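The values are calculated or read from the model by the stated rules, or taken from the named source; none is laboratory data. Note that this is a predicted model, so its numbers are computed, not measured. Every residue, glycine as well, gets a Cβ built from its backbone with ideal geometry; the counts of neighbours run over all protein chains shown.
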Amino acid sequence: MPFQIAVLPGDGIGPEVTEQAVRVLETVGRVYGHTFIFREGIVGGVAIDRYGTPLPASVLEMCRGVHGVLFGAVGGPKWDDLRAAVHPEEAIFGLRKELRLYANLRPIHVYPELAASSPVKDVAGVDILFVRELTGGLYYGKPKRRWETRRGRRAVDTLLYTEREIERVLHTAFELAYHRHRRLILVDKFNALESSRLWREVALELTSEYPEVHLKCLLVDAFAMQLLQRPREFDVVVTENLFGDILTDEAAVLTSSLGMVPSASLGPRRRGRVRRGRISAFGLYEPIHGSAPDIAGQDKANPLGAILSTALLLRHSCGLEREAGAVEQAVALALERGYRTSDIATDDERTVSTTEMGHQVMVSLEEIGERHAWPRSWRISR
């Protein structure tokens, strides 16, 4: 069965890193015998320039008919006018809302070879999975507006959550924690926010359904400090939309660069509960680094976040666990062999281009595919 993938490169470095991610998927198809059909669409600033909207209706409709969406990045100085009627970032917000992508998974994994390039000491072995609620909270609550008064300008954003919104993402977090080390941290602001009190209340109620998972609740300010002081203590972390956005960018520092962090934004489940840590769902997959316009078009960007996002796509939306693991192993092998883009290199390490880093992952992937094939042929010959 062919897998239909929507490809939305976007702005800045988005097209460069997405190109490498697509080439990796093509390599997966060639090595493991799968067919991927790519359908490209225009979103973000380039879509505003061409169509007057960051998310054309035709692109949204295209995304409804595929297995998963591979997203690059949107935004840049050209579209930064606060007075503009539309902004590039509305593309990603619109996709999340219209496609009902409520659970954002962001794995923070520190590769041994990159521990020395992290600005935080003693990060070897860090492996955290963040589960961020994605369609509620301050980003979507109403009213949301600005206005003028005789005493000056005012603005309001509404932090709104329903029990259902909280419960469904907590179920995802509990189930993922069960299949890892059975430790779950809820991050909130229980001492100041009514919405956080509801989050904690629902989480404590759900512990009866997951008696094997140890739940601990931490205030967001305390967690932000401990994340840098002792990051190896954390396994699965669940939190609301705004806190998750900020904390995962902070956590990316542990890996040495934002360019190393993939993400999966998942919608309603296709089949039952989590199976061995894999959720079967439609999803949107993207690196978390943003459009980085200062290096766009220079072949300098780190494509590994985008490439690792394809591993999440293979795992959660295509059901190809072996292939997902092979992509992750290929990234690790390329790093073991000393290949670095400038954002993850120390002063004495040679750097390679976006294109070369992608090529080295593909070379490693082909080698790993040959290893997977060898035991089968060996057994047949015996």
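For this structure, a couple of remarks:
- Looking only at residues of the range 172-194 that are in a helix (DSSP H, G or I) and more than 19 Å from the chain's Cα centre (by Cα), we find that the one that is surrounded by the fewest Cβ atoms within 10 Å (Cβ to Cβ) is 194.
- Matching residues in the range 203-227 - criterion: being touching a helix residue (DSSP H, G or I) at 6+ places or on another chain (Cβ under 7 Å), closer than 13 Å to residue 173 by Cα and in a helix (DSSP H, G or I): 203, 206
- Screening 22, 43 for residues that are touching a helix residue (DSSP H, G or I) at 6+ places or on another chain (Cβ under 7 Å), assigned by TED's automatic domain parsing to the domain that holds residue 79 and of a type in the set (Val, Ile, Thr) leaves exactly one candidate, 43.
- Residues of the range 132-153 classified as touching a Ser or Thr at 6+ places or on another chain (Cβ under 7 Å) and either over 30 Å from residue 176 (Cβ atoms) or outside the structural domain of residue 251 (by TED's automatic domain parsing) (or both), total: 3
- Matching option when the condition is part of a strand (DSSP E or B) and free of Cβ contacts under 8 Å to residues at least 24 places away in the same chain, among 154, 164, 132: 154
For (1) of a type outside the set (Val, Ile, Thr); (2) at pLDDT 95 or above, each residue gets a yes or a no:
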| position | (1), (2) |
| --- | --- |
| 118 | yes, no |
| 129 | yes, yes |
| 144 | yes, no |
| 155 | yes, yes |
| 161 | yes, yes |
| 177 | yes, yes |
| 187 | no, yes |
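- Restricting the range 350-359 to residues that are without any contact (Cβ under 8 Å) to a residue 24 or more places away in the chain and not in a helix (DSSP H, G or I) leaves a set whose member that is nearest to residue 17 (Cα to Cα) is 352.
- Single residue of 85, 91 found to be more than 30 Å from residue 370 (Cβ to Cβ), without any contact (Cβ under 8 Å) to a residue 40 or more places away in the chain and either crowded, with 24+ Cβ neighbours inside 10 Å or in the same structural domain as residue 295 (by TED's automatic domain parsing) (or both): 85
- Residue check for residue 185: closer than 25 Å to residue 270 by Cα and among the β-branched types (Val, Ile, Thr): no
- Scan the range 136-165 for residues that are crowded, with 20+ Cβ neighbours inside 10 Å and under 19 Å from residue 249 (Cβ atoms) and the total you get is 1.
- Wholly within the range 1-111, helices (runs of 4 or more DSSP H) carrying at least 2 residues that are polar (S, T, N, Q) and out of contact with any Cys (no Cβ under 6 Å at 6 or more places or on another chain): 14-32
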